[in-house]
Each structure stands twice: as structure tokens, then as C-alpha cells.
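The numbers here are math on the coordinates, done by the rules we state, and not lab data. Quick caveat, the model's predicted, so the values are computed rather than measured. Neighbour counts are summed over all protein chains in view; Cβ atoms, including those assigned to glycine, are modelled from backbone coordinates with ideal geometry.
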Amino acid sequence: MPMRFDLHMHSCLSPCASLSMSPGEIVSRVKAAGLGGFVLSDHQSARNTPAVAECARKAGIGFLPGLEVQTAEEVHTLCIFDTVEAALKMTDWVYEAMPKRVNDSETFGDQPVVTWDDDIIDMEWRILAMGCRRTIPETSAKVHELGGLYIAAHVDRPNYSVFSGLGAIPDGCFDAVEFSRTADEQIYLPKVEGYTVTRSSDAHNLDDVAKVWSEAEISQFNVSSLKEVFQNKTVLISPRLTAF
């Protein structure tokens, strides 16, 4: 039986996400939806992946740590890893190339780093809503150096996508592309010919968790299995939503 999974989800660490997106609540929604696995991909940071990993472990749900990196081209990209350690190394590399400006929570939103049981242990001081100076080719090389997968996020969107920012997908950088919840396949499939397509919720609040999904014949939710189905182009995606 194919496994359904969601490769793009945010926690309360992302300044644009609801504070209700705590590790425990996310995992509860994922389990209730019947997903076999999911990825946490907060903006520019993986600092909440240790807590979510612990909740997923306790619930017996497949989990991979990641982050959504806004590159120098102002394009959103997904970085997915097998281990929290690799995701945190990626975070450090991204942080080195971010503006050294302190977050204004009233302007951009709160950025709490939490434990698995929702205790706040830190407030991330960097402005995670801002991008970094790393280019797409540089970010791709770093992700692959750390053993991860690199996906072009919501390629159909009119902003922060490869098509809005560059007009095309850079050759040799991405392992797959992502359609948003409302992407019309008839319009966008011809534009991404040759790439495996995923669809993810990009959930910023609990009601959006698992509204859409991807699925494939995989027995274990890990980078190796995902890489194989990406290369074989055997991923199926859920129907689009008619409203965001």
C-alpha cells in the first residue's frame, strides 16, 4: 500500500505560522490524517526539529528534519535530511549568510524554540522572514554534501518560486519540485517536464495539516527511499484544492 507523506510543514518557529503549531499538535494532526511521514521545514531554521522528532518518535510516525531556505534569488527551497544533526548543520550554514538584524516580533511575528512538551527554551533572534546570501547552486551543493534532498518549493506561486524569481528551473540543482495546494497540473506539468512532482500542505496552521499530500510505494520514510522514487518518477500527488 502506498505511503502518504507531506514534505513541507511549519512549526511555531516560523514567524508567519500560528503559535498553535507546537510539536505535539502537529504530530497529533499528522497521525489523525493517516500520513506515514512528514517533514518539518521552518523558514531558514531547523531549531524545532529536535522537539518534533521526539514527538514523532513517541507517536510512531515517520519524520524527517528540514528547513525552507529563501535563497539569494528570493526563491523558496526545501532542504530535507535524515538526521537532526544534518539539518542543524545546514541551519548554521544558512545563519552565517543572513543579515545580523534582531527580529521585531510585532512586525514579523514570534519565533519560539520549544521542547517536545511545548516549553519555550529560546526566542530565535534572527529575522527568519528574511532570506540569506546563499545562491540556489550553493545551497544545492551544501544540501547534497550533507546527504539531503533539495526541492524547489511551490513552483506555481507568483512569488518566491523558481518561475517568479528566475523564469525557469536551474539545471542540475533540484531533486524534485513541489506544487502548492492549488496548483493546476494542466498548467504547470508541462513547465516541469523531467522532474518528479510532489504536493505538500505548506501548513502554517493546524487546520491545513495534510489537506494535500504526496504518495509513493516506500516502506521506510527516509532520504534514500524518497530519492529512489524521485529518480524513478513514481510519486503520485493528491488532487488540488480549488481555494487556498
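Along the principal axes of its C-alpha atoms, what lengths does the chain span, in descending order and rounded to whole Å?
That gives 44, 38, 36 Å along the principal axes, largest extent first.
From the cross-link list K142/K227; K58/K211; K191/K233; K89/K233, which pairs have alpha carbons spaced over 25 Å apart?
Beyond 25 Å between Cα atoms: K89/K233.
Once you compute Rg and the Kirkwood Rh from C-alpha atoms, what is the Rg to Rh ratio for the range 200-244? Write down the numbers at each step before the final one.
Details: Rg = 12.4 Å, Rh = 11.9 Å.
Rg/Rh: 1.04.
Can you give the FRET efficiency for T242 and Q220, using 1/(1 + (r/R0)^6), R0 = 45 Å, r = Cβ-Cβ distance, to the nearest 0.05?
Taking R0 as 45 Å, the efficiency between T242 and Q220 is 0.85.
Between E74 and K227, what is the label-point separation in nm under the 7 Å Cα-to-beta-carbon projection?
Result: 3.4 nm between the two label points.
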